[in-house]
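The structure under discussion appears below in the form of structure tokens.
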Amino acid sequence: MASLGYGPDNRLQIKVSTRDLPVFRDPAVILIDQLKKVYIDGELEIIDTTLYYPKIRRKDYAVALNLSQSGPDPDPILGAIYGCGSESNVDGYCNPEVDGLIEQQSIEADRGRRKQLVWAVERKLAEDGARPIIFYSRAGTCWQPYVKGLTIMVDSLHNENRYEDVWLVSLSG
């Protein structure tokens, strides 16, 4: 920051845009607090959910905090979020070397080698500053005893969205 002229007496002023939901606002507040340590003063810009994604697609922001999901397999997320030209790559990051690594890990059958390739992707993304990950959240699932047939996944809360085997015990009888 000093090489760019910023420091304790000349702080960079930015807006941090995010959706108007606690799960978005809370990490944005943490981000703003962390940025203070590197002479960046962030102002929280809360945006109604109906307006947020159009604003992001227009690239009408300086810094935006968004949530990304993951799952037991990073393959679908890596290409979608970081792949050159991907519709979900809203910040426009593009590195052909990373695309090649994403493709390699996608077709690699050996788990150990694939893990190394995924770590190489993550390392390159970190070096490039591509949509940095600032935190990992934890989530839980609760249900009532009268809910039956629900399978709770242990590797990702995003894997349990199918309810064709779920049923309720009648409480009336």
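Things to note:
- For beta carbons closer than 6 Å, sequence separation of 6+ or different chains, a first residue in the range 41-59 that is among the hydrophobic types (A, V, I, L, M, F, W, C) and at pLDDT 95 or above and a second that is surrounded by 12 or more Cβ atoms within 10 Å (Cβ to Cβ) and not in a helix (DSSP H, G or I), the qualifying pairs are Leu44/Val16; Ile46/Asp20; Ile47/Ser17.
- Tallying residues that are open to solvent by 80 Å² or more (accessible area, probe 1.4 Å), part of a loop (DSSP other than H, G, I, E, B) and among the hydrophobic types (A, V, I, L, M, F, W, C) within the range 95-134 yields 2.
- Restricting the range 6-61 to residues that are among the hydroxyl-bearing types (Ser, Thr, Tyr) and touching a Ser or Thr at 6+ places or on another chain (Cβ under 8 Å), the residue that is nearest to Glu87 (Cα to Cα): Tyr52
- Unmet requirement for Pro76, which otherwise passes all of (1) open to solvent by 60 Å² or more (accessible area, probe 1.4 Å); (2) modelled with pLDDT of 95 or more: (2)
- Tallying residues that are loosely packed, with under 11 Cβ neighbours inside 10 Å and either at pLDDT 95 or above or over 21 Å from Arg123 (Cα atoms) (or both) within the range 79-94 yields 1.
The values are calculated or read from the model by the stated rules, or taken from the named source; none is laboratory data. This structure is a prediction, so every number in the text was calculated from the model and none was measured. For neighbour counting, all protein chains shown are included, and Cβ atoms are generated from backbone atoms with ideal geometry for every residue, glycine included. The protein model used for the area step is the full one, side chains on, heavy atoms only, and it has no ligands, DNA or RNA in it. Shrake-Rupley method; radii C 1.70, N 1.55, O 1.52, S 1.80 Å.
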